[in-house]
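Working notes for the structure below.
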């Protein structure tokens, strides 16, 4: 069996095992009353950190772990990973024991350090060289390398465990981290290797478990599952950081990965844990004590639902991870500062949400609406409305100009346009029936913008004037510059009169342009993905600024985008074009 086929089969096998094992585990947990019980009582929801309202079985980690190991035994049989497997199994047993009878935090932490250190030493995973600054590689003393490797593994164990506070959150964050780490591995080492032998069955096991753990969850992974997943993520991080050293055949030699890029792949749990532990230390309580100061608690407090909070953190984790990957994916573009910008964004986001109290969303909306009432008929308000109209028509021109003046449209883009048009039309109808469709609207509009931008960038735009063909591409390009500057100025002018509340769609709009940058060559150059990514961010900022002031604007923008998509379909499939 070829290596590529092993990856596919191992993923499918782990997925099948995980799906099949959860139901009997649920029955077992119910028979022995092994539940995770809510920790708020007497109407006081602020006692403890748990948000579920009824007992939930907490042994779901068993399905993830056993599915992974069974798949490894059947298809992979990688003897070079035996030390990792022994360490992972030990960490899982400690977490499982804590799920059943509760183990003291100090005891757990000590055992985690011992097992992690032994695994790093035995498997030679300690990173002897660390790339911190551009072209600055630091060679570590052997004990320092062992300490760093142990710190990374133990840190990954506890960060993933501490963020496991909402249905599907830890599993989804782990999936995003695994995907980003594998992408880093592939673009730097240029071959399929040991990391994917770990990742493929791991992803299958997690996906099978998420079938039952997505909100509303009927089972939790427990400390056994979260600790084991954290251990595996820590090992994968070390595999990347030690790629330039010889390590008992675990991987080949390749490009040195910046430490900051690896950290960004798990930035959300890392920074969430750091901020929570720092806050507890300032309050004089134990860093391992339970409270409601995590990032997901803050998002719940400002008004997001359970599902919206998880979605927002998914997209934020993916966006920051992509920013961490950029210096490795584009070594010739001097993007070394991008990961630091990403981490700064997360830090500011954490600090901002932590300041908001309960019912803050309601208070902000009331304040915004009261200000609107007093300024409705002022000349300043009328001027701002005209300004918004100019930005809105600039968006219309961007959507329509490409299909009208970009020349021949490829049939593939025509079929893509009609598929997205159907989704967009469905979202328009759904928003008429049910008002709360923010996430669906954002996803459909983001896909529509992507298709239209690809069409718009496929050919140079031109018109025929007095018998000569004249390029209007500079005008189209300048339109984006105008929209970017105008949107920023509009935001600054109106910022004091409203508050841009955080929505999951914000992270979706931010993530899609960044993910586009990861499309490999030559497709990236063929479709001018770099340009499309930047222009997508400009469109997002403009739409978000306009829609925050009036919900009717979003409906109009979707209508224009739908008309443009239909024209692209007719132009690409049936050859429709405007004669000029």
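The values are calculated or read from the model by the stated rules, or taken from the named source; none is laboratory data. Because the structure is predicted, anything quoted here is derived from the model rather than measured. We place every Cβ from the backbone using ideal geometry, glycine too, and count neighbours over all the protein chains shown.
On the basis of being free of Cβ contacts under 8 Å to residues at least 60 places away in the same chain and closer than 18 Å to residue 273 by Cα, does residue 335 make the cut?
Working: free of Cβ contacts under 8 Å to residues at least 60 places away in the same chain: yes; closer than 18 Å to residue 273 by Cα: no.
Here the answer is no, as residue 335 does not meet what is asked.
Does region 132-151 contain at least one residue that is within 26 Å of residue 331 (Cβ to Cβ), over 21 Å from the mean Cα position of the chain (by Cα), surrounded by 20 or more Cβ atoms within 10 Å (Cβ to Cβ) and in the same structural domain as residue 96 (by TED's automatic domain parsing)? Within region 132-151, one or more residues are within 26 Å of residue 331 (Cβ to Cβ), over 21 Å from the mean Cα position of the chain (by Cα), surrounded by 20 or more Cβ atoms within 10 Å (Cβ to Cβ) and in the same structural domain as residue 96 (by TED's automatic domain parsing). Taking helices (runs of 4 or more DSSP H) as the structural unit, those lying wholly within region 221-301 and holding at least 3 residues that are within 26 Å of the chain's Cα centre (by Cα) and modelled with pLDDT of 85 or more correspond to 222-241, 259-264, 267-283.
Among the residues of region 102-136, none is identified as at pLDDT 95 or above and either outside any helix (DSSP H, G or I) or in contact with a strand residue (DSSP E or B) (Cβ under 8 Å, 6 or more places away or on another chain) (or both). Under 27 Å from the mean Cα position of the chain (by Cα), assigned to a helix (DSSP H, G or I) and either modelled with pLDDT under 65 or assigned by TED's automatic domain parsing to the domain that holds residue 487 (or both): does that describe residue 429? Answer is no for this residue.
Every residue, every condition in (1) buried (at least 17 other Cβ atoms within 10 Å of the Cβ); (2) modelled with pLDDT of 90 or more; (3) part of a strand (DSSP E or B), yes or no:
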residue	(1), (2), (3)
27	no, yes, no
30	no, no, no
46	no, no, no
54	no, no, no
68	yes, yes, no
75	yes, no, no
86	no, yes, no
90	yes, yes, no
93	no, yes, no
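Could you list, in sequence order, all residues of region 552-573 that are over 22 Å from residue 418 (Cα atoms) and either outside any helix (DSSP H, G or I) or in contact with a helix residue (DSSP H, G or I) (Cβ under 9 Å, 6 or more places away or on another chain) (or both)? Answer for region 552-573, where residues must be over 22 Å from residue 418 (Cα atoms) and either outside any helix (DSSP H, G or I) or in contact with a helix residue (DSSP H, G or I) (Cβ under 9 Å, 6 or more places away or on another chain) (or both): just 553. With respect to residue 287, determine if the residue is crowded, with 16+ Cβ neighbours inside 10 Å and in contact with a helix residue (DSSP H, G or I) (Cβ under 6 Å, 6 or more places away or on another chain). Here the answer is no, as residue 287 does not meet what is asked. Residue 184: assigned to a helix (DSSP H, G or I), at pLDDT below 90 and over 21 Å from the mean Cα position of the chain (by Cα), yes or no? Here the answer is no, as residue 184 does not meet what is asked. Only a single criterion out of (1) modelled with pLDDT under 80; (2) not in a loop (DSSP other than H, G, I, E, B) is not satisfied by residue 356, namely (2).
Among the residues making up region 460-471, a single one is surrounded by 15 or more Cβ atoms within 10 Å (Cβ to Cβ) and either in a loop (DSSP other than H, G, I, E, B) or outside the structural domain of residue 400 (by TED's automatic domain parsing) (or both): 461.
Go through the residues of region 519-533 one by one and say whether even a single one is under 25 Å from residue 313 (Cβ atoms), part of a helix (DSSP H, G or I) and at pLDDT 75 or above. Write out each step before concluding.
Taking region 519-533 first, the residues under 25 Å from residue 313 (Cβ atoms) are 519, 533.
This time we only want the ones that are part of a helix (DSSP H, G or I), so: 533.
Still in the running and at pLDDT 75 or above: 533.
The answer is yes, given that some residue of region 519-533 is under 25 Å from residue 313 (Cβ atoms), part of a helix (DSSP H, G or I) and at pLDDT 75 or above.
Within region 391-416, the residues that satisfy the criterion of being within 11 Å of residue 572 (Cβ to Cβ) and assigned to a helix (DSSP H, G or I) are 403, 411, 412, 413, 414, 415, 416.
Screening residue 536 against (1) under 27 Å from residue 186 (Cα atoms); (2) surrounded by 15 or more Cβ atoms within 10 Å (Cβ to Cβ); (3) at pLDDT below 80 leaves a single unmet condition, (3).
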